[in-house]
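See structure below.
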Amino acid sequence: MKTDGTAARAASDIAYQNEILRGVARTFALTIAQLPDALRDTVGNAYLLCRIADTIEDEPALAVEEKQAFSEHFIGVVAGARDPAPFARELGARLSASMTADERNLVANTPRVIRITRRSTPARQEALARCVGIMSRGMVEFQRNASADGLKDVDAMNRYCYHVAGVVGETLTALFCDYSDEIAARRDDLFPLAVSFGQGLQMINILKDMWEDRRRGVCWLPRDVFDAAGFDLRSLSPETADPGFLEGCRRLVAITHHHLANALRFITIIPARETAIRRSCLWPLGIAVLTLRRIHRTPGFRGGEDVKVSRRSVWAVAVVTSILARFDPALKLLFKLSSRGLPGTTAA
């Protein structure tokens, strides 16, 4: 039985988690808030763990070897094998001015985040530790080989997307299955589509942020797709208007469309009465479809802001998908109408 002091600290940690979620990921904080009470804190905790792992990857002041060392330290922290306090102090001391105040705050409060992790069931802790291990090691691998020349091929892009997003889809599915026996009974159908769901959302980021990534000296586009279209990614620049480049982008839009269609299949496998879970998945899917449509219709865009979905559209997605969350035929029709004009759903 919890003492009053322990209960108060637990409540304080959850209050902190909810506050920092709004700081580091306002949109995801809104989707996480839609989840059932029995899932909300664990999924919010999972997001913060992934965000700490991302901060290690994103810190430009760290060499790849240092990123690997910090990542392994963090993997040990999440697994319960290492103390979070030294990790927080050491990483916090190395963060540069490129990190936001909220990101610094999150790293400094790693012990609070880990205390919430430790209050989860053993099955949930295992899922979170697996996610952080796969994500952190995968990100280091791709950071080590990152260049402005792009990834070798679609298979390499699929591997990259799995490590940074597909594994998150698997983790959410594991948490959903732990929450509901009815969902767990559909586990074998959900897991393959969960990876595709994560990849679809990540490919939106790859396409949307390609110019910002290029300025940082990296490119996550697959060379084989552009080679087949007659364009050499090594010549990529914001002034690019080559028909081969545009064709390559069109093919990637088609692959992304395929993954987002799989995401809808994933959502409709979740029992209709679990409207809160469906709603939390439908919001990012709806925003992703609208973003992909803007990318496809604006081939000359020069930055993520050029294809960003308006706040009004985000709220429209939230309202409409919330109303239709229980009705599969309506969701399928909405997806078809929203993705009208996109290239066919090509498998990766």
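The values are calculated or read from the model by the stated rules, or taken from the named source; none is laboratory data. Being a predicted model, the structure only gives us computed values, none of them experimental. We place every Cβ from the backbone using ideal geometry, glycine too, and count neighbours over all the protein chains shown. These accessible areas exclude ligands, DNA and RNA; they are computed on the full protein's heavy atoms, side chains included. Shrake-Rupley method; radii C 1.70, N 1.55, O 1.52, S 1.80 Å.
Scanning the range 198-209 for any residue that is polar (S, T, N, Q) and over 17 Å from the mean Cα position of the chain (by Cα) turns up nothing.
Selection within the range 136-164: residues that are among the charged types (D, E, K, R) and in a helix (DSSP H, G or I). The member of this set that is most open to solvent (accessible area, probe 1.4 Å) is ARG137.
Would you mind stating whether LEU207 is open to solvent by less than 10 Å² (accessible area, probe 1.4 Å), over 18 Å from SER147 (Cβ atoms) and touching a Gly at 6+ places or on another chain (Cβ under 8 Å)? Considered against the rule, which asks whether it is open to solvent by less than 10 Å² (accessible area, probe 1.4 Å), over 18 Å from SER147 (Cβ atoms) and touching a Gly at 6+ places or on another chain (Cβ under 8 Å), LEU207 comes out as no. The criterion of at least 2 residues that are closer than 29 Å to GLY300 by Cβ is met by the following helices (runs of 4 or more DSSP H) wholly inside the range 165-282: 187-208, 210-215, 223-228, 243-269.
Yes/no matrix, rows are residues, columns are (1) of a type in the set (D, E, K, R); (2) surrounded by 21 or more Cβ atoms within 10 Å (Cβ to Cβ):
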| site | (1), (2) |
| --- | --- |
| GLY169 | no, yes |
| ALA185 | no, no |
| ASP189 | yes, no |
| ALA194 | no, yes |
| GLN199 | no, yes |
| VAL218 | no, no |
| ASP227 | yes, no |
| ASP232 | yes, no |
| SER237 | no, no |
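Candidates are the residues of the range 292-337 that are hydroxyl-bearing (Ser, Thr, Tyr) and either open to solvent by 30 Å² or more (accessible area, probe 1.4 Å) or assigned to a loop (DSSP other than H, G, I, E, B) (or both); the one that is nearest to ARG250 (Cα to Cα) is THR298.
When we screen ARG294, ARG273 for residues that are within 20 Å of the chain's Cα centre (by Cα) and modelled with pLDDT of 95 or more, the only hit is ARG294. On the basis of being farther than 23 Å from GLU126 by Cα and in contact with a Leu (Cβ under 8 Å, 6 or more places away or on another chain), does ALA61 make the cut? Here the answer is yes, as ALA61 does meet what is asked. Of all residues in the range 76-95, those satisfying the criterion of being open to solvent by 20 Å² or more (accessible area, probe 1.4 Å) and touching a residue at least 40 places away in the same chain (Cβ under 8 Å) are ALA79, GLY80. Here the condition is being over 26 Å from GLY169 (Cα atoms) and in contact (Cβ under 8 Å) with a residue 60 or more places away in the chain; of LEU233, LEU246, it holds for LEU233 alone. Could you please let me know if GLY200 is within 25 Å of PHE231 (Cβ to Cβ), of a type in the set (Gly, Ala, Ser) and touching a His at 6+ places or on another chain (Cβ under 9 Å)? Criteria met by GLY200.
One residue stands out in the range 22-35 among those that are outside any helix (DSSP H, G or I) and open to solvent by less than 20 Å² (accessible area, probe 1.4 Å): the one that is nearest to THR171 (Cα to Cα), namely LEU35.
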